[in-house]
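**Q** Quick one: the structure is below, questions incoming.
The values are calculated or read from the model by the stated rules, or taken from the named source; none is laboratory data. Everything numeric in this text was worked out from a predicted model, so none of it was measured. Quick reminder, even Gly has a Cβ in these numbers, built from the backbone with ideal geometry, and neighbours come from all protein chains shown. Surface accessibility is based on the protein's heavy atoms, side chains included, excluding ligands, DNA and RNA. Shrake-Rupley method; radii C 1.70, N 1.55, O 1.52, S 1.80 Å.
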Amino acid sequence: MWGASTAPMSVNTLDLAQSPWVLTTVMDTPSASAIPGSARAVLGAGIPANVPGVVHTDLLAASLIPDPYLERNESAQTWVGDQTWRYTTHFELSASDPALDDDHADLVCDGLDTVATLTLNGEVVAHTANQHRGYRFAVQRLLREGDNELVIEFAPALAAARATESEIGALPHVEKYPFNMIRKMACNFGWDWGPALITAGIWKSIRIESWNIARIASASVLATTTPSADGWGGVLDLTLDLEGQLRFAAVTVRVEGHDLRAEAGMIAEETTSYRLDLQRVQPWWPHSMGDQPLYDVEIVLHNDVAILDTIHRRVGFRSVTLDTTPDPAGGGARFVISINGVEMFARGANWIPDDCFPSRITPERYRERLDQTREANIDFLRIWGGGIFEADAFFDACDELGIAVWQDMLLACAAYPEQDPISTEIEAEVRDNVVRLSPHPSLVVWNGCNENLWGFDSWGWIDELQGRAWGAGYYYDLFPRIIAELDPSRPYWYGSPGSGQRAIHANNDNFGTVHVWDVWNAEDYTHYLQYSPRFVAEFGFQGPATWATWNHVVAPEERFAESATMAAHEKAQDGLAKLARGLREHLPAPAAGPEGFDDWLYLTQLNQARAVRFGIEWWRSMRGRCMGTVVWQINDCWPVSSWAALDLGVDAEGNAVARRKPLWYALRSAYADRLVTIQPNGHGWEAVLVNDGTTDWIPTVHAELRSLNGTIERSLVQAIAVAPRSSARVSLDDLGASLQPDPARVLVASAEGAERCVRLLAEDKEAQLPDAQFTTELVPGRYPTVMVTAHSFVRSLCVFADRIDELSWADQQMVDLFPGETASFELVGCRTTPTDDQLAAPVVRAVNDRTGRMGGTV
């Protein structure tokens, strides 16, 4: 198990994840009485444990609990989070093993969830209480030749949080449990899209590292660009914390990649800082702005005779600024992120943990999910503050794919204590993760919190707090000081929503970032027109998961919107009623009960997609004032009706699968580099062309007023030029359409290089939509393709490929067709040939298909 470097005297590693671990329950606690009888004897004796992992995944592997993601199993598993759990392993050491033979040996724990006591060979090593940081403990004096026993006991996290709350006093928070009283993933206690599955376990790697003389304790690596006459220069700023005997020691740094090789040396000191100036580097960009060249950095600590320690990092050179310049006329300020001096409209989404049990997320799964994200034309992700500081594998993928990342500090929707035992841990975790993530070029913004500034301003906290500290000291003092010290290469923002000024309300359209949640919670999505923000960091609309996901999760007799099982997988307050209200103004209401389930899925998913696209296109049309939209949310952590564009289900073998909801396709369209959208301008309509590409766009705009039978009543043609990262407007006044509803007509605008825009002049339920008349044809190929030819106007045509093959998805959705037009739907990943019956509803759907399950007819 020892992995020694070929270089003499370098750090040696004993990977304890490769040792056999046993998981047991501590039975002499009051909560142990809740353990089901069938599991009690087994857990007393112990079951195999996977490390990294958590208790729930071990119980699943031992068949001691049913899958909490299925049916209503979540509610029967609260006992798991209430127990005290003990992980035990044994490992052998010989006298010549590095752990005994080297000068030093440390127990290194990258992640312990959460309240842990570590005992090695009968002696307590440490107590920990923070899921979000790593730990290192000197243990050589406790190690011995022969058998060694390591025990890690986890106390129940909820009990620990309640004990802290009792000790220091309650502070306001959302949701049921006091997640603000423990440094643990907040959504682990339940959220309005996630279950309450309170975990415990060794959730990241664990090992013994042994070393001689000295080692590199931490390395901050910051890579930035500087413009030069012949391209780009690069600056590599290193700050190393070194431990041990540094007399006669030195540090050598090497940078290599893309025809660049550079090396520098320096004398080793306890804190060693060095700036390396480089010529002609290739800059890193978000994928919408350029390429993603990456460089390898090697840092070697050595003396005259031996290499003592070596670390490797991968960097991309780029510079990030955040422009918050006040408006010349006052009354507001910009909020614009620039990469390498170029302003970026952030086409974004929020990211939550991709599983309730993050230890299950492999690098391959991160890459798959982020590939799906980029394919939706998303170039910006905000890591939400109720989750985790994501793994390096996440950031590695973002570095490679060109997805810029905004990282919240992990304080969300609550007031937080500014005293111990919480404050010391918050500072430690922030320092730990700022340094760990510093090399990644994709990380572009640090943010202080999620909705806590808003909570203080608007959620009644002031009266409840009665002058007590609530976290402001973190957001306005501690965090900016840490960022200035450890990572001055990235901007810091105080919180989202946040105006940037304590005297101005946190959620103010004219300053900073806003969260728009009256839409969904109370208002129709057309209310987005009332907002003209600078940067929208959260907004969204719910829709259910895909049919194939529900097919695995919900028993057939429970597959209807109002069932108890579907209710268990809808965590939003009054979520089902809000879905129905959201439909009411736009689309026909589906029937209640099982007979209406297929219609309910289609219509609510379609409405979700339209709602979010409506907001994005409106805000992109005001590019310049608004410079970012970050939809809530791209991914899910379990099967649920939620705001996500990608659900989370399983395939027939139990592997995690993220299926594309119609919202994913809407994001791909609304976030395209070149967008044509039809928007109101106060007196009529205009076509807005948005060019977020890197080259000039010089199209000819074709706009038409059509009847719903396809007849063109009026038209206009206009040539236009749209520079990169700008927008242009074409008045549609000559088409004669007013802002008053017109149930018989539709506006159409198109331009080369962009998707056609079709805008009905009345809501679908009020429009004089004809019965959908269309024919289908199956064309074989690598994957089957469904060709649909319209013989009438066909509204929002979808092909739900997951109903044919659970792993298949159509390459486009929500297509409007006029008579005589044909659309093709490639069924990507489909492993079977669709039957004639499958080329009809509920696979092929349109809003104006009134022939039910038989689909459209000629």
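**Q** Could you give P(r) for segment 119-223, binned at 5 Å from zero, as whole percent values over all Cα-Cα pairs?
**A** All Cα pairs considered, the percentages come to 2, 9, 16, 17, 15, 13, 11, 10, 6, 2, 0.
**Q** Taking θ as phi - 60°, what are the ³J(HN,Hα) couplings along segment 259-265 by the Karplus curve (6.51, -1.76, 1.60), each to the nearest whole Hz, with x for Gly and Pro?
**A** These are the phi-based 3J(HN,Hα) values: 6, 10, 9, 9, 8, 8, x Hz.
**Q** Moving to a separate point now. Antiparallel versus total DSSP beta bridges in the chain: what percent is that, nearest 5?
**A** Numbers: 155 of 183 bridges.
Antiparallel bridges make up about 85 percent of those DSSP assigns within the chain.
**Q** Also, I was wondering about something else. For residue 90, project a label point 7 Å along Cα to C-beta. Then give me every residue of segment 147-161 with its amide nitrogen under 15 Å of that point.
**A** 147-151
**Q** At a 1.4 Å probe radius, carbon and sulfur cover how many percent of the accessible area of segment 509-610?
**A** Values: 1680 of 3310 Å².
Solvent-exposed carbon and sulfur of segment 509-610 make up 51 percent of the total.
**Q** Could you work out the Rg to Rh ratio of segment 305-463, with Rh taken as the Kirkwood radius (inverse of the mean 1/r over all Cα pairs)? Before the final figure, lay out each step's value.
**A** Working: Rg = 18.1 Å, Rh = 17.8 Å.
Taking Rh as the inverse mean 1/r over Cα pairs, Rg/Rh reads 1.01.
**Q** With the calculation restricted to Cα positions, what are the radius of gyration and Dmax of segment 156-217 in angstrom?
**A** For segment 156-217, the Cα radius of gyration and maximum Cα-Cα distance read 16.9, 51 Å.
**Q** In whole percent, and with a 1.4 Å probe on the protein chains, what portion of the accessible area of segment 446-486 is carbon and sulfur?
**A** On the way: 830 of 1700 Å².
Using a 1.4 Å probe with all protein chains present, segment 446-486 comes out at 49 percent carbon and sulfur.
**Q** Helix-derived [θ] at 222 nm for the chain: sum -39500 (n - 2.57) over DSSP H runs of at least 4, divide by residue count, nearest 500?
**A** Values: 17 runs with 154 residues, N = 858.
Computed ellipticity for the chain at 222 nm equals -5000 deg cm²/dmol.
**Q** Of all the C-alpha pairs in segment 348-392, what % are more than 12 Å from each other?
**A** Values: 622 of 990 pairs.
The proportion of pairs with Cα distances above 12 Å equals 63 percent.
**Q** Also: Which value, in Å to one decimal place, does the Kirkwood hydrodynamic radius take for segment 416-502 when every pair of different Cα atoms is included?
**A** Hydrodynamic radius (Kirkwood, Cα pairs) of segment 416-502 is 13.8 Å.
**Q** Now for a separate question. If I stretch the segment between residue 50 and residue 258 completely, what's the gain in nm (0.36 nm per residue apart, minus their alpha carbon distance), one decimal? Could you put the intermediate results ahead of the total?
**A** Values: separation 208, 0.36 × 208 = 74.88 nm, distance 4.02 nm.
Here the answer is 70.9 nm.
**Q** Next question, about the same structure. Across segment 172-325, how large is the tail of the calculated P(r) beyond 20 Å, expressed as a percent of all Cα pairs? Present the calculation step by step, with values, prior to reporting the outcome.
**A** On the way: 7532 of 11781 pairs.
So the pairs more than 20 Å apart make up 64 percent of the total in segment 172-325.
**Q** Treat segment 350-439 as a sphere of radius equal to its Kirkwood radius over Cα pairs and apply Stokes-Einstein at 25 °C in a medium of 0.890 mPa s; give the translational diffusion coefficient in µm²/s, rounded to a whole number. The partial results should precede the final answer.
**A** On the way: Rh = 14.2 Å.
Value of D from the Cα-based Kirkwood radius: 173 µm²/s.
**Q** Report the dimensions of segment 110-171 along its three principal axes from the alpha-carbon atoms, largest first, rounded to Å.
**A** On the principal axes, segment 110-171 reaches 49, 20, 15 Å in Cα extent.
**Q** What is the Cα convex hull volume of segment 628-683 when expressed per residue in Å³?
**A** On the way: hull volume 7.0 nm³, N = 56.
Roughly 125 Å³ of hull volume per residue.
**Q** So what is the orientation-averaged projected area of segment 248-356, using the convex hull of its C-alpha atoms, in nm²? It would help to have the intermediate numbers written out before the result.
**A** Numbers: hull surface 49.0 nm².
Over every viewing direction, the Cα hull of segment 248-356 projects on average to 12.3 nm².
**Q** For a quick check of understanding: with a 1.4 angstrom probe and all protein chains in place, what accessible area in square angstrom does residue 56 have, to the nearest ten?
**A** Spelled out: residue 56, probe radius 1.4 Å, area about 0 Å².
**Q** For residue 551 paired with residue 279, estimate the spin-label separation in nm (one decimal), with each label point 7 Å from Cα along the Cα-to-Cβ line.
**A** Taking the simple label geometry, residue 551 and residue 279 are separated by 6.2 nm.
**Q** Rolling a 1.4 angstrom probe over the protein heavy atoms, how many square angstrom per residue are accessible across the chain? Mind showing how you got there, number by number?
**A** Values: 31110 Å² over 858 residues.
I get 36 Å² per residue for this part.
**Q** So, one more: For segment 670-806, what's the radius of gyration and Dmax over Cα atoms, in angstrom?
**A** 17.3, 50
**Q** Could I ask something else about it? Mind scanning 578/661; 176/661; 184/661 and naming the pairs with a C-alpha gap bigger than 23 Å? Don't skip to the end; give the middle numbers.
**A** Details: 578/661 19 Å; 176/661 29 Å; 184/661 30 Å.
Listed pairs above 23 Å: 176/661; 184/661.
**Q** Follow-up question, since we're still on this one. With label points built 7 Å along Cα→Cβ from the Cα atoms of residue 247 and residue 589, find their separation and express it in nm.
**A** Between residue 247 and residue 589, the label points sit 8.5 nm apart.
**Q** Quick check of the Kirkwood formula: for segment 405-457, what is the inverse mean of 1/r over all pairs of different Cα atoms, in Å?
**A** Values: mean 1/r = 0.0818 Å⁻¹.
Kirkwood radius, segment 405-457: 12.2 Å.
**Q** Mind listing the Cα extents of segment 759-858 along all three principal axes, in Å, largest one first?
**A** Between the extreme Cα coordinates on each principal axis of segment 759-858 lie 40, 23, 23 Å.
**Q** Dividing the alpha-carbon Rg of segment 214-300 by 2.2 N^0.38 Å yields what?
**A** On the way: Rg = 14.7 Å, N = 87, 2.2 N^0.38 = 12.0 Å.
After normalising by residue count via 2.2 N^0.38 Å, the value is 1.22.
**Q** Under Stokes-Einstein, with the Kirkwood radius over Cα pairs standing in for Rh, what whole-number D in µm²/s applies to segment 22-154 at 37 °C and 0.692 mPa s? Let's see the in-between values first.
**A** Numbers: Rh = 16.4 Å.
My calculation gives 201 µm²/s for D.
**Q** Ordered by residue, what ³J(HN,Hα) values in Hz, to whole numbers, does segment 828-837 give under the Karplus form 6.51 cos²θ - 1.76 cosθ + 1.60, where θ = phi - 60° and Gly and Pro are x?
**A** Karplus-based 3J(HN,Hα) across segment 828-837 equals 4, x, 5, 9, 9, 8, x, 7, 4, 4 Hz.
**Q** As an exercise, find the ratio Rg/Rh for segment 579-712 from alpha-carbon atoms, using the Kirkwood inverse-distance average for Rh.
**A** Numbers: Rg = 18.1 Å, Rh = 17.5 Å.
In segment 579-712, Rg relative to Rh is 1.03.
**Q** Using only protein heavy atoms and a 1.4 Å probe, report how much of residue 526 is accessible, in Å² to the nearest 10.
**A** 50
**Q** Rounded to the nearest percent, how much of the accessible area of segment 112-221 (1.4 Å probe, protein heavy atoms only) is carbon and sulfur?
**A** Working: 1590 of 3400 Å².
Percent of accessible area from carbon and sulfur atoms in segment 112-221: 47.
**Q** Then there is this: Using Stokes-Einstein with the Kirkwood hydrodynamic radius over Cα pairs, what translational diffusion coefficient do you get for segment 470-615 at 25 °C and a viscosity of 0.890 mPa s, in µm²/s rounded to a whole number? Don't skip to the answer; put the middle values down first.
**A** Numbers: Rh = 18.0 Å.
Answer from the Stokes-Einstein relation: 137 µm²/s.
**Q** Okay, next question. Can you give the extra length, in nm with one decimal, that the chain gains between residue 721 and residue 778 once fully stretched, where that is 0.36 nm per residue apart less the Cα-Cα distance?
**A** On the way: separation 57, 0.36 × 57 = 20.52 nm, distance 4.00 nm.
Gain on extension, residue 721 to residue 778, equals 16.5 nm.
**Q** While we're looking at this one, here's another question. Over all Cα pairs of segment 544-636, how is the pair count split among 10 Å bins, expressed in % and running from 0 up to the last occupied bin?
**A** Distribution as computed: 14, 42, 28, 12, 4, 0 percent.
**Q** May I pose another question? Distance in nm between label sites at residue 79 and residue 700, each 7 Å beyond Cα in the beta-carbon direction?
**A** 7.4
**Q** Where Rh denotes the Kirkwood radius from the mean inverse Cα pair distance, what is Rg over Rh for the chain?
**A** Working: Rg = 28.6 Å, Rh = 29.1 Å.
So for the chain, dividing Rg by the Kirkwood Rh gives 0.98.
**Q** If you wrap a convex hull around the Cα atoms of segment 739-804, how much volume per residue is inside, in Å³?
**A** Details: hull volume 9.5 nm³, N = 66.
In segment 739-804, the Cα convex hull volume per residue is 143 Å³.
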